[in-house]
1. Highest mean first, how do 353-361, 63-71 rank when packing is the count of other Cβ atoms within 10 Å averaged over residues?
2. Let me know the Rg and Dmax you get for the range 323-478 when you use only its Cα atoms, in Å.
3. Can you work out the Karplus-derived ³J(HN,Hα) for every residue in the range 175-188? Use 6.51 cos²θ - 1.76 cosθ + 1.60 with θ = phi - 60°, whole Hz, and x for glycine or proline.
4. Taking R0 as 30 Å, what's the FRET efficiency between Arg74 and Lys220 from their Cβ-Cβ distance, rounded to 0.05?
5. How far apart, in nm, are the 7 Å Cα→Cβ label points at Gln411 and Ser288?
6. Where a ≥ b ≥ c are the square roots of the eigenvalues of the C-alpha gyration tensor, would you call the range 465-505 rounded, which needs a/c under 1.5, or, failing that, prolate if a/b is larger than b/c, or oblate?
7. Sort out for me the Cα centre separation of the range 80-143 from the range 344-402, rounded to whole Å.
8. Identify the residues of the range 185-205 with backbone N under 18 Å of a label point that sits 7 angstrom from the Cα of Lys139 along the Cα-to-Cβ direction, or state none.
Amino acid sequence: MRRSGLRKDFLPMRTLVVGIDSGTQSTKALVVNASTGKVLGAAAKAYGLIEGVPPGAKEQDPATWVEATQTVVRQALRKAKAKPSEVRALGVSGQQHGFVPLDREGRVIRAAKLWCDTTTESECRQLTDRVGGGKQAIKAVGNAFLPGFTAPKILWMKNHEPANFKRLSTVLLPHDYLNYWLTGRAVMECGDASGTALLDVRKRAWNQDVIRCIDRGLGKRLPELIQSDEPVGTLRPELARPLGLTPEVLVSAGGGDNMMGAIGTGNTAAGVITASFGTSGTIYGCASKPVVDPLGEIAAFCDSTNRWLPLLCTMNVTVASELVRQHYGWTHAEFERAARRVPAGSEGLLLLPYLEGERTPNVPDGTGVWLGVRPSTLSAGHYARAAMEGVTLGMNYGLARLAKLGLKATQIRATGGGAQSKLWRQIMADVFNTEVVTLQVSEGAAYGAALQSLWCWRRAQGDAVSIASLTDRFVKVNARQRTLPDPAAVVQYQRSQSLQDQTSRALRKVFGEHRQLIA
């Protein structure tokens, strides 16, 4: 008999699931009790990018992810004192957009080009021209062709490494590659696949016309698409024992880090918006139908619950705050104390935080700009607070765009390093003019991967459980960190927002000329 609701007595107390988050800087694993949602064990392993690559290139060896995953899963299971037979399912979250090329034998052909790789601007223009322009690209797949996405990376390989392209047999994304390593099956689910700019997000299917704009044979190299609640398979027997698991462990569809972060922050209903303040910044919300931005500023992604996840991404968040903090040699506490001494608005000091170019708004030639530098604002505290404010205003540009497309926030669930700062949470609430909360489990992507695997496993057992019922039960808000807007600061930041937006538009042409100057 199919069960429609959650019963506390349905699962043994030691039924466990594992969530893995394979990111740009580290891989994390959580062991979660499937009956209570409690995290019983956690582990993380840091790593870096490949050094010595050309300017703009950001690459990693997928073997790095495999090694890190092996390490953190074993460590997390050990901390949870888990028996292999107690673990029923496993889910993988991965950094979006990375291009992992495999040959006929399933071997990695070259290092993966990552989401933050900016060497594909020429290929973005080529693809846009081939499909008939930017509006036609959005009509075809729901998204413009941006350097971060996977499609231009594939064309880059064809243009710059034809011998490698000739060997290409299968295109995977980072989380897909880990699923392939775990199960031996190469597939994609629609959430992560929508970030390739090859998927028609409205139909949740590959767009063959766009695919042929890269290469007529590329369609055969793209993997099968599966639904978000489908399992990829079970663990390869030869891999199960080294991981401390059994071959019966189900591996769920998994998804991109933003899609898993949505699940892990309980972003499975309208009105809840997740804001991630990490190296880059993302803001996204759950939608029951496709949300396509005709301007292409908001990414029209699918989510990993068989719905949609309109998302904005800014390239520069803690990049800016960390630059200031390290310049003055501060600890994080010293940085916040200095910023707290300066009033909202930083007395007119405003940062345009395009330190590594920008994606939303799309300003790839952008640089950082400090406006309002004068003797009274030339203090370290002013620069600290202006950095926090500048990147938050940059994210609010996209939040306002989301509202115009129909996704209005009633609550912001903040994650990432920036969310750990009490001052920064207040700045968020004031800039967004919305309640800001944090969550008891801060590793949203890994926790979301664990919850998705539980959803997938439960449904495989014949239980008609919904993902929302799981997130409603398990995802908990930190009541002590609930932050409400200050009306006076809201007015101040509305003025700052207008000035930042005007400055950004006015300098677009200047950024291009400046790039030619330093080339």
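Values in this text are rule-based calculations from the coordinates and carry no lab data. This is a predicted model, so every value here is computed, not measured. Backbone-built Cβ (ideal geometry, glycine too); neighbour counts: all protein chains shown.
1. Per-residue Cβ counts within 10 Å, averaged per peptide and sorted highest first, yield 353-361, 63-71.
2. Rg and Dmax of the range 323-478, Cα atoms, are 19.2, 68 Å.
3. With coefficients 6.51, -1.76 and 1.60, one gets 5, 5, 5, 5, 4, 5, 5, 6, 10, x, 10, 9, 9, 10 Hz.
4. The value I calculate is 0.20.
5. Output for this residue pair reads 1.9 nm.
6. Oblate.
7. Result: 30 Å between the Cα centres.
8. Under cut-off, by backbone N: 198-203.
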